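K.L.:
If you scroll down you'll find the structure; I have some questions about it.
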Amino acid sequence: MPSDKIIAGYRANATALGTRYDAIDPMHLYRQVEAFLPTAPARILDIGAGSGRDARHFARQGHHVVAVDPVPELRQMPGTDGITWIK
């Protein structure tokens, strides 16, 4: 199945991908839309969460975050405690 091959590629490269994803500062990423984001505590759903960069960002602000990603190696990146992960 093609999706299995894609997931396998993400699994094999999870550490490198996590490093690349986390290199982007979420404060900079969301600066232009900050006025439209909810104030904490809100419920946030991060679909395709990857390394959890955005989920961590919102959890640190006091939001209740559910993050979804099919790659277990990405779901287990450091600093994702306090986030509810779904595969």
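The values are calculated or read from the model by the stated rules, or taken from the named source; none is laboratory data. Just so it is clear, the model here is predicted, and its values are computed rather than measured. Neighbour counts run over all protein chains shown; Cβ positions are idealised from the backbone, glycine included. Note: areas computed on protein heavy atoms with side chains; ligands, DNA, RNA excluded. Shrake-Rupley method; radii C 1.70, N 1.55, O 1.52, S 1.80 Å.
K.L.:
Would you point out which residue out of Asp4, Asp69 is more than 15 Å from the chain's Cα centre (by Cα) and charged (D, E, K, R)? First the steps, then the outcome.
P.N.:
Numbers: Asp69 fails: more than 15 Å from the chain's Cα centre (by Cα).
Criteria check complete, one pass: Asp4.
K.L.:
Now for a separate question. Starting from residues that are in contact with an Asp or Glu (Cβ under 9 Å, 6 or more places away or on another chain) and of a type outside the set (D, E, K, R), keep the ones in the range 37-56 and report whichever is farthest from Ala12 (Cα to Cα).
P.N.:
It comes out as Ile44.
K.L.:
Something else: List pairs: first residue in the range 61-87 and at negative phi, second residue surrounded by 15 or more Cβ atoms within 10 Å (Cβ to Cβ) and hydroxyl-bearing (Ser, Thr, Tyr) anywhere in the structure, Cβ distance under 6 angstrom, at least six positions apart or on different chains.
P.N.:
Taking only residues 6 or more apart or on different chains, the pairs are Val71/Tyr10; Leu74/Ser51; Met77/Ser51.
K.L.:
Okay, moving on. Please pick out the residue among Val68, Val33 that is closer than 21 Å to Asp4 by Cα and of a type in the set (Val, Ile, Thr). I'd like the intermediate steps shown before the answer.
P.N.:
Details: Val33 fails: closer than 21 Å to Asp4 by Cα.
The match here is Val68.
K.L.:
Residues being within 16 Å of Thr80 (Cα to Cα) and in contact (Cβ under 8 Å) with a residue 40 or more places away in the chain: count how many of those fall in the range 1-21.
P.N.:
Residues flagged as within 16 Å of Thr80 (Cα to Cα) and in contact (Cβ under 8 Å) with a residue 40 or more places away in the chain within the range 1-21 amount to 4.
K.L.:
Follow-up. Of everything in the range 35-62, what is out of contact with any helix residue (DSSP H, G or I) (no Cβ under 9 Å at 6 or more places or on another chain) and farther than 18 Å from Arg20 by Cβ? Give them in sequence order. Give the steps one after another, and end with the answer.
P.N.:
Start the filter on the range 35-62 by keeping residues that are out of contact with any helix residue (DSSP H, G or I) (no Cβ under 9 Å at 6 or more places or on another chain), which leaves 35-36, 38-39, 41, 43, 45, 47-48, 55, 59-62.
Listed by number, the residues that qualify are Ala35, Phe36, Pro38, Thr39, Pro41, Arg43, Leu45, Ile47, Ala59, Arg60, Gln61, Gly62.
K.L.:
Could you look through the range 56-81, keep only residues that are more than 15 Å from Tyr30 (Cβ to Cβ), of a type outside the set (Ser, Thr, Tyr) and touching a strand residue (DSSP E or B) at 6+ places or on another chain (Cβ under 8 Å), and pick out the one that is surrounded by the most Cβ atoms within 10 Å (Cβ to Cβ)?
P.N.:
Only one residue fits best here, namely Ala67.
K.L.:
Specify the residue that is farthest from Leu74 (Cα to Cα); the eligible residues are those in the range 13-28 that are in contact with a helix residue (DSSP H, G or I) (Cβ under 8 Å, 6 or more places away or on another chain) and open to solvent by 30 Å² or more (accessible area, probe 1.4 Å).
P.N.:
Taking the range 13-28 as the starting set, the residues that turn out to be in contact with a helix residue (DSSP H, G or I) (Cβ under 8 Å, 6 or more places away or on another chain) are 14-15, 17-18, 21-22, 24, 26-27.
Next cut, open to solvent by 30 Å² or more (accessible area, probe 1.4 Å) only: 15, 17, 21-22, 24, 27.
Numbers: Thr15: 8, Leu17: 8, Tyr21: 10, Asp22: 11, Ile24: 16, Met27: 21 Å.
This residue is Met27.
K.L.:
Sticking with this structure for a sec: Among the residues of the range 45-55, are any buried (at least 16 other Cβ atoms within 10 Å of the Cβ), modelled with pLDDT under 90 and within 24 Å of Asp4 (Cα to Cα)?
P.N.:
No, because not a single residue in the range 45-55 is buried (at least 16 other Cβ atoms within 10 Å of the Cβ), modelled with pLDDT under 90 and within 24 Å of Asp4 (Cα to Cα).
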